[in-house]
Structure formats: C-alpha cells, structure tokens
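What follows is one structure encoded as structure tokens, with my remarks underneath.
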Amino acid sequence: ASTLTIKDLHVEIEGKEIVKGFNLEISGGEIHAIMGPNGTGKSTLASAIMGHPSYEITKGSVSLDGEDVLEMEVDERARAGMFLAMQYPSEVTGVTTSDFLRTAINAHREEGDEIPLMKFIKKMDKNMETLDMNEQFSTRYLNEGFSGGEKKRNEILQLLMLEPKIAILDEIDSGLDIDALKVVSNGINNMRGESFGCLIITHYQRLLNYITPDHVHVMMQGRIVKSGDASLAQRLEAEGYDWIKEELGIED
Ligand code: ADP
Ligand code: MG
Ligand code: MG
C-alpha cells in the first residue's frame, strides 16, 4: 500500500497564510475525512497538494512513498498515482468522455503498454453501470452540457477508471440530490481496499452516512485541531463546531 505524508504544510495565497502547519498521513486501505467550517483552508490544502500554481507552499513537505511530491509537475503527480478531480479540464469541446479517459489511462502507462480497446470498453461499461450512468454518456463531449450531478458522476468515473493510489476528493457531495449521493458513494466504496487511500473533504456529514471513514479530522484556521473516528462526524452534525472552538479556546 502507498502512503501520502503531509508534514507541517504551510500555504499562502497572495501573501496571506491560509494553511498553517498541516500534518496528516494517508495510507492505502484508509479513508480519511476532513470536515470544517467554511474558509478554514480545506480547498487550499487540496489544491496546493495537487500543485495548483496560485498556491505558494512556504514550509513543510508532501511525499508519496518517500518521493517528494512538491518537486513533481502536476502530471507527474497524477502518474505517480495521485488523483484530484480538479486536475481535469472542466469542459473540453470535441473530446468525448470515452476518448478522454482512454488517453488519461494510457498516459499513466508505459509506452507500448496501452490498455487494449476491448479491455477499456469492458471496464468502462462496468464502472458506468456501478454509477448508474446512461450508456450514451461516454460518447458525449467531456463535461459539455453536463448537469451538476453528471459532472460529479463523471469525476467518480475517472476515479474508477484511473484507479489512483491516493485520491483527494474536495466537496464531491456538494449539490447532489440523495440518489446521486448514493451513486457517488457507491463508486467510492467500490474503490475501497488496500491499494486505495482516500481523503474526503466535506462541509457536511451527509456523505459520511454512506461512506464510513476510518478517521475524521476537524480543520480550523488552517490546521487539524481534532481527530477521531466516524462518531466525530456524527457529533459535528448534531452539535456543530462551537464545542470544539470552546474546547480549544479558539475565537473567530
Ligand atoms: P474552505 O475550502 O475550507 O472553505 P478555502 O481553502 O476555500 O476554504 O479558503 C480559505 C481562505 O482562503 C478563505 O479565507 C478564502 O477567502 C481564501 N482564498 C481561497 N482562495 C483564494 C484565492 N484564490 N485568492 C484569495 N483568497 C483565497
Ligand atoms: Mg469553501
Ligand atoms: Mg472548500
């Protein structure tokens, strides 16, 4: 199993420090959830780890099985086995979902070891079935005219097709109705196993009713302030974040 290690990470946007000493280790077989109020730096953390150019890492380290992730180009991070839905183009005219995915899979493989077409089609069919996706979806242009729910399903389809070692899913549940939420959760649950580690970032506990995380972390003011098991998410849903602020003497 692979391990992503984040140590004392500090991230600035436009000279303002947003992530302030973030530590976490995610290994294959584990699902971690990060919860926290709006504006605490959750998305900044995710974007910085995947190499978004607007975010400046001023201190700390991120490594995947001992390899320095921060030294890698964005596409190298993906090839090393990291996944973030945001790294993919939002709308690509003239490229079908199917073509895009086949290109993406082959980009992860050695030259001369491209996925055989039949194998690709079978895998695609199976995963689209898991996600309850319409067959014609694969021949539509990527994200063009996709509804919010279709975009999310498409993100999870990418996850199932690319089989990353470590995935970071930022607000994958936002804007989903309950049926889409179940389908998306089902897709993530299908990935569960020793070779897959996942960080789910969510504002709401709702998603965690369908995907039971092994670890739940609360992020406030740019760092993890509390960690626990799945019951921590339930307590946050019931009681909000104020009790943690009180416990820690945090003011905002
Ligand atoms: P969260 O995902 O926890 O809601 P974000 O990481 O999106 O939080 O935002 C953390 C802080 O960084 C917020 O105060 C937000 O206004 C600020 N921020 C985020 N992105 C940018 C940006 N591109 N430019 C300037 N400030 C930003
Ligand atoms: Mg936000
Ligand atoms: Mg966010």
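The values are calculated or read from the model by the stated rules, or taken from the named source; none is laboratory data. In this text the structure is predicted, and so the values were computed from the model without any measurement. Cβ: placed from backbone, ideal geometry, glycine included. Neighbour counts: every protein chain shown.
I need the full set of residues from the stretch 19-43 which are hydroxyl-bearing (Ser, Thr, Tyr) and either more than 8 Å from ligand 1 (Cβ to nearest atom) or buried (at least 21 other Cβ atoms within 10 Å of the Cβ) (or both), in order please.
Hits for the stretch 19-43 are Ser27, Thr40.
Of everything in the stretch 194-232, what is assigned to a helix (DSSP H, G or I) and either within 16 Å of ligand 1 (Cβ to nearest atom) or under 18 Å from Asn23 (Cα atoms) (or both)? Give them in sequence order.
Leu207
Among the listed residues Thr40, Thr58, Thr103, Thr3, identify the single one that is of a type in the set (Ser, Thr, Tyr) and in contact with a Ser or Thr (Cβ under 7 Å, 6 or more places away or on another chain).
Thr3
Could you please let me know if Ser47 is within 15 Å of ligand 1 (Cβ to nearest atom) and surrounded by fewer than 16 Cβ atoms within 10 Å (Cβ to Cβ)? Please lay out each step first, then the result.
Numbers: within 15 Å of ligand 1 (Cβ to nearest atom): yes; surrounded by fewer than 16 Cβ atoms within 10 Å (Cβ to Cβ): no.
No; evaluated as a whole, the condition is false for this residue.
Take residues that are over 30 Å from Ile57 (Cα atoms) and touching a residue at least 40 places away in the same chain (Cβ under 8 Å) and tell me which of the helices (runs of 4 or more DSSP H) falling wholly in the stretch 72-167 contain 2 or more.
97-107, 117-130, 148-162
Table: residues versus (1) modelled with pLDDT of 95 or more; (2) within 20 Å of the chain's Cα centre (by Cα).
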residue: Glu171; (1), (2): no, yes
residue: Ser174; (1), (2): no, yes
residue: Lys182; (1), (2): no, yes
residue: Thr202; (1), (2): no, yes
residue: Val218; (1), (2): yes, yes
residue: Tyr241; (1), (2): no, no
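Every residue in the stretch 208-226 that is closer than 15 Å to Lys42 by Cβ and free of Cβ contacts under 8 Å to residues at least 60 places away in the same chain, please.
Val225, Lys226
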